[in-house]
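S.K.: Input: one structure, supplied below.
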Amino acid sequence: MMKVANLLVAFALLALASSFVTAHDPGPLQDFCVGINDADAAVVVNGKFCKNPSFATIEDFTYSGLNVPGNTSNQLRVHVNLITADVMPGLNTLGISLARIDLEPNGGLNPPHYHPRGSEVLLVLEGTLYAGFVTSNPDHRLYSKILKQGDLIVYPTGLIHFQFNVGKTPAVAIAAFTSQNPGVNTVSNAIFGANWPINPEVLVTAFHMDRKLVEDLQTQDWVNPTE
Ligand SMILES: *[C@@H]1O[C@H](CO)[C@@H](O)[C@H](O)[C@H]1NC(C)=O
């Protein structure tokens, strides 16, 4: 009898856990819903505008150009080409998207950031990357590793993570996301590049920095790696 009760508790916990696991982009409930802005040429399915399925073309489901390196001429020496459902309308409702990341040799950096709406798995195609993520409060445990060609790392949803090219050659990585639009929040940009600027006293106290340094950081340009 006790065993059955234990089993029921385990089952209930599992059911509860799976309701969290699926709390991401919705299931499509139809073959596809190619995103469209023109309401007149659309049907509404699952609460969104979808292109009338009989007007969908292969162009809605394909994208070309990820063979081309991004322009890394910026202070971070990185470029991220993020292909969301905005870029590739056929991704709409499917809960997936993808990015190409280029990092210059000797220090190109995809700076600490997080995706509010998706987990990420990253594959190194070329080069050597120091990659890691940090767990949330209270542990802030760093999981990191030097990744080489063919290596993968998974970044759980919402956790701060980064890639740093520690090799002497350019690095290229492909990242896949569990969202059609995972969102990006670059920590330094959000904190020091906020628009309007955060009251410096907040940052003085939060970051244990003197006011002059805070104000200096707030006047700097903060590169958006996806632009
Ligand atoms: C790369 O970006 C830099 C800075 O925005 C710009 O000056 C340069 O023309 C770009 N290069 C190419 C090949 O587009």
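S.K.: When only residues in segment 56-71 that are within 14 Å of the ligand (Cβ to nearest atom) and among the small types (Gly, Ala, Ser) count, which is farthest from residue 171 (Cα to Cα)?
M.R.: Ranking the qualifying residues of segment 56-71, first place goes to 65.
S.K.: Does segment 94-104 contain any residue that is outside any strand (DSSP E or B), within 23 Å of residue 192 (Cβ to Cβ) and either touching a Lys or Arg at 6+ places or on another chain (Cβ under 9 Å) or within 16 Å of the ligand (Cβ to nearest atom) (or both)?
M.R.: To start, the set of residues in segment 94-104 that are outside any strand (DSSP E or B) comprises 94-96, 104.
The next check asks that each one be within 23 Å of residue 192 (Cβ to Cβ); those that pass are 104.
Retained after the next criterion (residues that are either touching a Lys or Arg at 6+ places or on another chain (Cβ under 9 Å) or within 16 Å of the ligand (Cβ to nearest atom) (or both)): 104.
Yes: segment 94-104 contains one or more residues that are outside any strand (DSSP E or B), within 23 Å of residue 192 (Cβ to Cβ) and either touching a Lys or Arg at 6+ places or on another chain (Cβ under 9 Å) or within 16 Å of the ligand (Cβ to nearest atom) (or both).
S.K.: Does residue 159 satisfy the criteria of being on the phi < 0 side of the Ramachandran plot, among the aliphatic types (A, V, I, L, M), in contact with a Leu (Cβ under 6 Å, 6 or more places away or on another chain) and away from the ligand (no atom under 16 Å from the Cβ)?
M.R.: No.
S.K.: On the given criteria, is residue 74 out of contact with any Cys (no Cβ under 8 Å at 6 or more places or on another chain) and either within 16 Å of the ligand (Cβ to nearest atom) or in contact (Cβ under 8 Å) with a residue 12 or more places away in the chain (or both)?
M.R.: In short, yes.
S.K.: Now for a different question. Can you tell me which residue within segment 77-93, out of those that are within 16 Å of the ligand (Cβ to nearest atom) and not polar (S, T, N, Q), is farthest from residue 121 (Cα to Cα)?
M.R.: Among residues in segment 77-93 that are within 16 Å of the ligand (Cβ to nearest atom) and not polar (S, T, N, Q), the one farthest from residue 121 (Cα to Cα) is 77.
Every number in this text was worked out from the coordinates using simple rules, so none of it is lab data. Computed from a predicted model, the values in this text were never measured in an experiment. Using ideal geometry, Cβ is built from the backbone for each residue, glycine included, and neighbour counts are taken over all protein chains shown.
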